[in-house]
Amino acid sequence: MTAPAADRAPAPAPGHAPAQVHVARFRSARRIPAALTALALLGVAGLFLYDLAAVRAGRPGMQWRRELADQLARQTPADPWVLVAAGVLAVAGALLLFLAVTPGLRRILPMRPPDTQAGVRAGLERKAAALVLRDRAMEVSGVHSARVAVRRSRVAVRAQSHFRELDDVRADLEEALTVGIGELGLAHPPQPRVRVTRAPVGKR
């Protein structure tokens, strides 16, 4: 059963980049930072819980906790080691906050959904997109070699030409890449940035 036409994403016009569609980026699960943080908190909580249970049972508390309590009673917030410890904790907290609010998975580019009501998400790795666009660039007449780097907002292309005028090769490359980017079906199509140089004589 096909969806109504109003629910489908509009197809891009030939030779033009498709309009951007609001699609959320893929978010990383951040399992490793979450697991390390949970293990650290669990270990610290376990030590304090064991010490508290030992004190309640009539046994002396751990030596390190008594020394820590004595140090905290004697030291002030202006002491160097207190400032260093506070700085380390602040940096660790800022890092965890940064990991929590950033999406991550920068290597995956979100794609346009064919049906906005289907609830299906798709993504394309940057390396795969770069390979497709490089093949498209190599099809342009006069291109001897090409390097393609796909980023979020632009596609950087460095090509070498062994014949034809560089301006003509650049214009054909920009047109071919615009069509190629549109065929990738990305939700946020990057803009091509093309640089064409003359290939060395020995490589022509």
Starting at the first residue of the range 90-102, write each ³J(HN,Hα) from the Karplus equation 6.51 cos²θ - 1.76 cosθ + 1.60 with θ = phi - 60°, in whole Hz, x for Gly and Pro.
-> 5, 5, 4, x, 5, 5, 5, 5, 4, 5, 6, 9, 8
Enumerate the amide H contacts of Glu125 below 5 Å, restricted to partners 5 or more residues apart or on another chain; note that Pro and chain-start residues carry no placed amide H.
-> Leu109
Which distance in nm do the two modelled labels at Val101 and Arg198 give, with both placed 7 Å along the Cα-to-Cβ direction?
-> 5.2
Where a ≥ b ≥ c are the square roots of the eigenvalues of the C-alpha gyration tensor, would you call the range 74-204 rounded, which needs a/c under 1.5, or, failing that, prolate if a/b is larger than b/c, or oblate?
-> oblate
Which whole-Hz ³J(HN,Hα) couplings does the range 50-63 yield from phi under the Karplus relation 6.51 cos²θ - 1.76 cosθ + 1.60, θ = phi - 60°, glycine and proline marked x?
-> 5, 5, 5, 5, 5, 5, 5, 7, x, 8, x, x, 4, 4
The answer for the net charge of residues other than Arg136 whose Cβ lies under 14 angstrom from its Cβ, with Lys and Arg +1 and Asp and Glu -1, is -4
Taking H placed 1.01 Å from N in the peptide plane, check which residues at least 5 places from Arg193 or on another chain put their amide H under 5 Å from its amide H.
-> Val155, Ala156, Val157
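Where a number appears in this text, it was derived from the coordinates with a stated rule and is not lab data. Bear in mind that the values here come from a model prediction, so they are computed numbers and not experimental data. No Cβ is skipped: glycine too gets one built from the backbone with ideal geometry, and neighbour counts run over all protein chains shown.
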